[in-house]
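The values are calculated or read from the model by the stated rules, or taken from the named source; none is laboratory data. This is a predicted model, so every value here is computed, not measured. Using ideal geometry, Cβ is built from the backbone for each residue, glycine included, and neighbour counts are taken over all protein chains shown.
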Amino acid sequence: KAGVTQTPRYLIKTRGQQVTLSCSPISGHRSVSWYQQTPGQGLQFLFEYFSETQRNKGNFPGRFSGRQFSNSRSEMNVSTLELGDSALYLCASSSRQGASYEQYFGPGTRLTVT
Amino acid sequence: AQSVTQLDSQVPVFEEAPVELRCNYSSSVSVYLFWYVQYPNQGLQLLLKYLSGSTLVESINGFEAEFNKSQTSFHLRKPSVHISDTAEYFCAVSPSGGSNYKLTFGKGTLLTVNP
């Protein structure tokens with residue numbers, strides 16, 4: 001099985017712009033979670049989507065939003081970018097079946113805001 | 001709410017020496033516990049997990065972790081490390097049961113194995 005893929009891998013944006021990141025989960029997985037990783041704050045949960053519905057949300061401002069499509073692919077959007085949004089954005093997929101609770105991570109998208 | 005504390009931000013060791021990476025957690029509900037490893041410029045890889053049953057869990061590459069409920073700890077150990085084990089290790093928890101799959105991570109421990 002192919003793993004979790006994220007595009008693009010690297011991105012440079014300017015303050016005030018918006019950005020969209022994409023995540024394709026492992027085939028058959030219907031849950032996609034997003035995490036932000038920074039040197040200062042570490043790994044923080046953004047939100048989770050399952051069957052096109054947001055199931056959980058972390059403590060991030062409304063500038064951070066996401067969606068999931070019927071094929072389970074997910075996108076994350078950040079509007080009005082700030083310097084502090086520079087981070088590695090990781091997505092993780094899970095089957096959400098049985099007692100697995102395992103999440104498989106993609107390689108991440110490194111976003112730099114200048 | 002859950003929180004995870006990894007007591008050491010950096011652990012340098014020599015090759016073939018034993019190592020222990022410490023992890024303590026706090027939670028008002030029962031949790032599942034995980035260790036993830038991150039190599040440079042890569043995503044996270046699941047190393048091992050504790051969901052239920054035996055409190056000692058092992059990975060295929062020689063790591064083991066023991067769940068201690070009374071001490072709310074899940075320390076990671078390896079009896080003999082290799083250069084290739086150099087990476088950052090993250091301890092994480094998620095609420096057990098239910099529909100909340102949110103992972104709460106510690107700040108990470110950078111393990112550096114020197115020759």
The correct count of residues that are away from chain B (no Cβ under 11 Å), under 14 Å from the mean Cα position of the chain (by Cα), part of a strand (DSSP E or B) and not hydrophobic (A, V, I, L, M, F, W, C) in the stretch A:1-35 is 4
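So that you can scan it fast, the table gives a plain yes or no per residue for (1) in contact with a Ser or Thr (Cβ under 9 Å, 6 or more places away or on another chain); (2) in contact (Cβ under 8 Å) with a residue 60 or more places away in the chain; (3) on the phi > 0 side of the Ramachandran plot:
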residue	(1), (2), (3)
B:N24	yes, no, no
B:F34	yes, yes, no
B:Q45	no, no, no
B:V81	no, yes, no
B:T86	yes, no, no
B:F90	yes, yes, no
B:F105	no, yes, no
If B:V93 satisfies every condition in (1) more than 10 Å from every other protein chain (Cβ to nearest Cβ); (2) modelled with pLDDT of 95 or more but one, which is the exception?
-> (2)
Hey, could you check the stretch B:8-38 for residues that are within 13 Å of another protein chain (Cβ to nearest Cβ) and exposed (fewer than 13 other Cβ atoms within 10 Å of the Cβ) and say which is farthest from the chain's Cα centre (by Cα)?
-> B:S30
Tell me which residues, restricted to the stretch B:54-65, are assigned to a strand (DSSP E or B) and either at pLDDT below 95 or more than 18 Å from B:V4 (Cβ to Cβ) (or both).
-> B:L56, B:V57, B:E58, B:E64
How many residues are under 18 Å from B:Y36 (Cα atoms) and touching a helix residue (DSSP H, G or I) at 6+ places or on another chain (Cβ under 9 Å) if we restrict to the stretch A:1-40?
-> 2
